[in-house]
Amino acid sequence: MTCYETIATYAFRSIGYGERLLPRSDFTLCQQFTLIGSGMIWNIYFGVLALLIGFCIATLVAMGKANPSPYARKPAEWFIFVFRGSPLFIQFFFAYFLFLSLKGVYPIFSPLTSATFGALVVLVLNTSAYTAEIFYGALQSIPKGDTEAADAYGMTGWPRFKRVIWPTMLRLAWPAYTNEAIFLFHATTLVFFAGFPAFQQRGDALYYASYFADKTFNPFIPYPILAGYFILMTLCVIGIFGLINARLNRHLPSANRKRLRIRPQIIR
Amino acid sequence: MNMYWAFGTVLTLLAITAPIALAFGFGGATAARSNLAPLRWIGKAYMAIVRGIPDIVFFLFFVIALDQAIEYVRHKIKCPDWDQPIRQGSDFVVCQAAKLPLGNDPQWMHEVYGFSLAVLTFAIVFGAFAANVLFGAMRAVPHAQIETAEAYGMTHRQSFWRIVVPQMWVYALPGLSNLWMVLIKATPLLFLLGVEDIVYWAREMGGSKTPNFTDYPHADWRMWYFGALLVFYLCFTKVSEVVLDRIMVKLTRGQATAAGEAQRKAAV
């Protein structure tokens, strides 16, 4: 099989198109590149959707935590504590078995026992908690002069939030939020190792990489390939977030703009 | 009963890994500060590579890679007259004497070996993060102090050990405590390294039991077991937070930082 045929056969294997059977012997480098790359579709799916949905929830939670009323503050604080204080790995397990039990009682929960939706829910809630903490920190450090200026113009309620508080919060939070996005993409690799089954061997990049490592008993090829894909993806995330950062700070003279400093860290 | 021992396994892992990772970090940070260019490159490359890639990849990679590296070295030493290649297709073949642990060793040797591989893997990964934190902390020690030390005639080495090292901890502690939290939350990944930890037992014991095999039959309780683990980790995080705050208060005493200044004013 030539490399071109391999790509045609396996490029969309992870979402169920193409050859059902995975290669079982005589693994070529091309097969490993193609299948691991095909698995990246899942990582991108989880990462992008969780980021988009999580962003909206996180804004709400952060506003809740900054609210003086305890009825808004306490639930937000607990939400953040629970999801930041426990390992994501355990959250996946717990959620999977929770959905499994719920499915037994109410069949409506059955889509949530699949990785496609169930793991997405966990990732969304988890990233919302981390992001909310970042946004909350940014809300606390909004310069006093900004809000005072808004008050002086007679702005209240929604316009005050939309035109003054929210943009400033995003500007302050953006470098930390970029890091959070990178962690989130790294965290997507946990999905298929934590309870959620890979239906018909449709897994993410790490799932295929460990498949190859198990079959060939040689970790020195699939894992570096996976690492290469992840470095590429991290660079893309940094690029896109850098563009948004430039847009957020477009009113500043270019010399004063803070460049994004990326300090990728750890999983949760 | 084994489930309770597994909590011990997790705590032991934390207790052993934290100092080793700190030592790795200290080594990495001093290497990255070194005047010798190759040593500096090694230190910086160590920090950069480990931090850019999802660490679950490292956990899966290092366990096989370290195992094979150790067996390869032992193979070269113990069986010099072995003429077959080590990699035969998909197999990794070494002579009997080079196997580790030896095939006829008791079971506990296998467990201890697996556990030490896990400790080493954790130490390598978290050492890189600790190296980064300590590297920053060493640079945060006010430079005037080092110059003063040298003006008093201390050598480079003396000023490093007597001025920089005692003072860097207060700058390193926020980063290190963050790292400790992440280390706690990374312990469930032990499960992936094949150690029988709490995740393993929660899955085993929680699964539905029929009266044929056990005296205590029950339905699928895995949800409750994982819920209990979630609570365990939350409590652990909370306790660590309180303890680390106390240490921080102690370390800040008399330091030239904003918090130290606030303490001094409060005491007056």
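The values are calculated or read from the model by the stated rules, or taken from the named source; none is laboratory data. All of these numbers come straight from a predicted model, not from anything done at the bench. Glycine gets a Cβ as well: all are built from the backbone with ideal geometry, and neighbour counts include every protein chain shown. Just the protein is used for accessible areas: all its heavy atoms, side chains included, with ligands, DNA and RNA removed. Shrake-Rupley method; radii C 1.70, N 1.55, O 1.52, S 1.80 Å.
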Looking across the range A:20-30 at residues that are open to solvent by 20 Å² or more (accessible area, probe 1.4 Å) and not acidic (Asp, Glu), the single one that is farthest from the other protein chains (Cβ to nearest Cβ) is A:ARG20
Restrict the check to the range A:8-26 and report whether at least one residue is in a helix (DSSP H, G or I), among the hydrophobic types (A, V, I, L, M, F, W, C) and modelled with pLDDT under 85.
yes
message = Scan the range B:44-64 and tell me whether some residue there is aliphatic (A, V, I, L, M), farther than 20 Å from A:PHE217 by Cα, modelled with pLDDT of 80 or more and surrounded by fewer than 19 Cβ atoms within 10 Å (Cβ to Cβ).
response = yes
Next on the checklist: Taking the criterion of being free of Cβ contacts under 8 Å to residues at least 60 places away in the same chain and surrounded by fewer than 17 Cβ atoms within 10 Å (Cβ to Cβ), would at least one residue in the range A:197-212 satisfy it?
Outcome noted: no
Checking the structure you have, find out if any residue of the range A:135-149 is in contact with a helix residue (DSSP H, G or I) (Cβ under 8 Å, 6 or more places away or on another chain) and within 14 Å of chain B (Cβ to nearest Cβ).
yes
Scanning the range A:91-113 residue by residue, those free of Cβ contacts under 8 Å to residues at least 12 places away in the same chain and either of a type in the set (Val, Ile, Thr) or in a loop (DSSP other than H, G, I, E, B) (or both) turn out to be A:VAL105, A:TYR106, A:ILE108
Counting only helices (runs of 4 or more DSSP H) wholly inside the range B:117-217, the ones holding at least 1 residues that are modelled with pLDDT under 85 and within 30 Å of B:PHE236 (Cβ to Cβ) are B:165-186, B:198-206
